[in-house]
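The values are calculated or read from the model by the stated rules, or taken from the named source; none is laboratory data. Bear in mind that the values here come from a model prediction, so they are computed numbers and not experimental data. Ideal geometry is used to build each Cβ from the backbone, glycine not excepted, and the neighbour counts take in all protein chains shown.
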Amino acid sequence: MNILLIGSGGREHALAWKMAASPLVDVVHCAPGNPGMHEIGPCFDVAADDVAGLVKLALQIEPDLVVIGPEAPLALGLADILRARGFDVFGPSKAAAQLEASKAFSKGRMKRYGVPTAAYGEFTEAGLAKAFLRMMTAPYVLKADGLAAGKGVVIAGTLEQADAEIDEMLSGKFGDASATLVIEEFMYGEEASVFVITDGEGAVYLPAAQDHKRVGDGDTGPNTGGMGAYAPAPVVTDEVMARIKREISGPMLRGMAKDGMPYQGVLYIGVMVTPEGPKVVEFNARFGDPECQVLMAGLAGDIVPAILASATGGLKGNEAAFESLLELDGFRPTASVVLASSGYPGSYARGSLIQSVAAANNLPGVTVFHAGTDVDPAGALVAAGGRVLNVTASGDSLREAVDRAYAGVDAIDWPEGFCRRDIGWRALS
Ligand code: AMP
Ligand code: GLY
């Protein structure tokens, strides 16, 4: 089988690596790919949000399956256009991808289907937003409705800060993405990421993971795209997972199907495990990054049958068979440490030389995924983004996985990079 994989981050490198290991797969074509993916399959220089270019590429390559990694092409309707052309696609329709692309849509669906989440209001007008704020207690959670590259959520400590943020967002801080604002109740608890592979009816669950969103050790400093992850996350006990299935994903998937927007692909449930039980922080229409790296590295079995079934149907009633192909029982504790450019998530320089990635890859249990790398004209590997490498390792225990990942980090020679030194601390403490 030939696959076309869309995207160029660490998430897509991990997906390419895992899918290429499947006996079902002959070639993984990537668009646009990155230097790591280049070693796995042919890469085509078409951007992940160039819908017309990607459709043209698919018509050329004629893949048996298209796997869409990031949210941007999903929000633009790439999956619908490819399906209309007869391709099998892993990734939700434009309508279903609104669960990520519009927070107001997502909150509205949760309300309609009775799914536990923070109480909220939705506003386009500053006066009403500020009046609503005064019925809430601090801290105040303000969210731009649309996609804002992970920056659209502000947690304000005081009414003054929240008022100022409302004015900024509604006057175009994030362009159209903040023309509508969601104001939410603050939820207390521990967060986790749960991933459901679904064809709209059947659902296969991967082991729960935990991201580390803040830039600094001990969860301090500004939010990032994610500085590291591990799985399984013990905060999602069997009981919590059972409640997530019964109270969150079950009603969401049934509701979306009934309302004519069946969800096909992977649904990322950002969960807050509160004293009252699991509640939804957000939905995403794709795998998490770096959670995906951890899941792909830790899975003993084959991911391709479940991904293919999500695209073509037939999951319902056959979940146990797909779970056994994934070998979920054999999932290895895994951690991934993000090496980022100094300055990230603020401004950072590009072009610094990265050496000894191969030495890290040769260490026991270690796989280094590329996220923001490039190859310079002389053929050397250089940094080309904020999050640059994902040093990922599995072990017999999470302790061993984390130690191995940091051994990998220490083997890499990149003076301009930095990482958090405490990935996995919640599970290890
Ligand atoms: P989101 O992009 O919606 O995941 O929000 C980014 C981060 O803000 C989340 O990962 C949480 O850490 C935090 N957050 C978002 N909504 C809430 C909430 N209602 N209560 C507490 N923390 C939240
Ligand atoms: N790791 C968080 C995200 O992918 O949104």
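Of the numbered conditions (1) surrounded by fewer than 17 Cβ atoms within 10 Å (Cβ to Cβ); (2) part of a loop (DSSP other than H, G, I, E, B); (3) touching a helix residue (DSSP H, G or I) at 6+ places or on another chain (Cβ under 7 Å), Ala359 satisfies every one except a single condition; which is it?
Result: Ala359 fails condition (2) only.
For a quick check of your reading: which strands (runs of 3 or more DSSP E) sit entirely within segment 184-300 and have at least 2 residues that are acidic (Asp, Glu)?
Qualifying strands (runs of 3 or more DSSP E): 190-198.
What pairs come out if I take residues in segment 246-265 that are closer than 13 Å to Lys94 by Cβ and crowded, with 24+ Cβ neighbours inside 10 Å and pair them with residues that are of a type in the set (Asp, Glu) and at pLDDT 95 or above whose C-beta lies under 8 Å away, six or more apart or interchain?
Gln264/Asp199
Can you tell which of Gly250, Gly317, Gly277 is small (Gly, Ala, Ser), within 16 Å of ligand 1 (Cβ to nearest atom) and more than 30 Å from Asn361 (Cα to Cα)?
Gly277
Out of segment 54-79, which residues are surrounded by fewer than 18 Cβ atoms within 10 Å (Cβ to Cβ) and either under 22 Å from the mean Cα position of the chain (by Cα) or free of Cβ contacts under 8 Å to residues at least 12 places away in the same chain (or both)?
Result: Lys56, Gln60, Gly77.
From Ala119, Ala162, Ala148, Ala129, grab the single residue that is in contact with a strand residue (DSSP E or B) (Cβ under 8 Å, 6 or more places away or on another chain) and within 12 Å of ligand 1 (Cβ to nearest atom).
Ala119
Can you tell me which condition Tyr263 does not meet? The list is (1) within 16 Å of ligand 2 (Cβ to nearest atom); (2) touching a strand residue (DSSP E or B) at 6+ places or on another chain (Cβ under 7 Å), and all the others hold.
(1)
May I ask you to verify whether Leu299 is in contact (Cβ under 8 Å) with a residue 12 or more places away in the chain, more than 26 Å from Trp425 (Cβ to Cβ) and either crowded, with 19+ Cβ neighbours inside 10 Å or charged (D, E, K, R) (or both)?
no
Can you confirm whether segment 127-145 contains a residue that is within 16 Å of ligand 2 (Cβ to nearest atom) and farther than 27 Å from Gly277 by Cα?
The answer is no, given that none of the residues of segment 127-145 is within 16 Å of ligand 2 (Cβ to nearest atom) and farther than 27 Å from Gly277 by Cα.
With Asp176, Asp163 as the choices, which residue is away from ligand 2 (no atom under 16 Å from the Cβ), surrounded by fewer than 16 Cβ atoms within 10 Å (Cβ to Cβ) and touching a residue at least 12 places away in the same chain (Cβ under 8 Å)?
Sole residue among the options that is away from ligand 2 (no atom under 16 Å from the Cβ), surrounded by fewer than 16 Cβ atoms within 10 Å (Cβ to Cβ) and touching a residue at least 12 places away in the same chain (Cβ under 8 Å): Asp176.
Looking only at residues in segment 200-235 that are closer than 25 Å to Asn318 by Cβ and surrounded by 24 or more Cβ atoms within 10 Å (Cβ to Cβ), which one is farthest from ligand 1 (Cβ to nearest atom)?
Val204
Is it true that Gly343 is surrounded by fewer than 20 Cβ atoms within 10 Å (Cβ to Cβ), at pLDDT 95 or above, closer than 23 Å to Ala16 by Cβ and over 19 Å from the mean Cα position of the chain (by Cα)?
no
Within segment 121-138, can one find any residue that is in contact (Cβ under 8 Å) with a residue 24 or more places away in the chain and under 18 Å from Asn284 (Cα atoms)?
So far as segment 121-138 goes, no, none of its residues is in contact (Cβ under 8 Å) with a residue 24 or more places away in the chain and under 18 Å from Asn284 (Cα atoms).
Would you kindly identify the strands (runs of 3 or more DSSP E) lying entirely within segment 75-160 that contain at least 1 residues that are in contact with a Pro (Cβ under 8 Å, 6 or more places away or on another chain)?
Hits in segment 75-160: 153-156.
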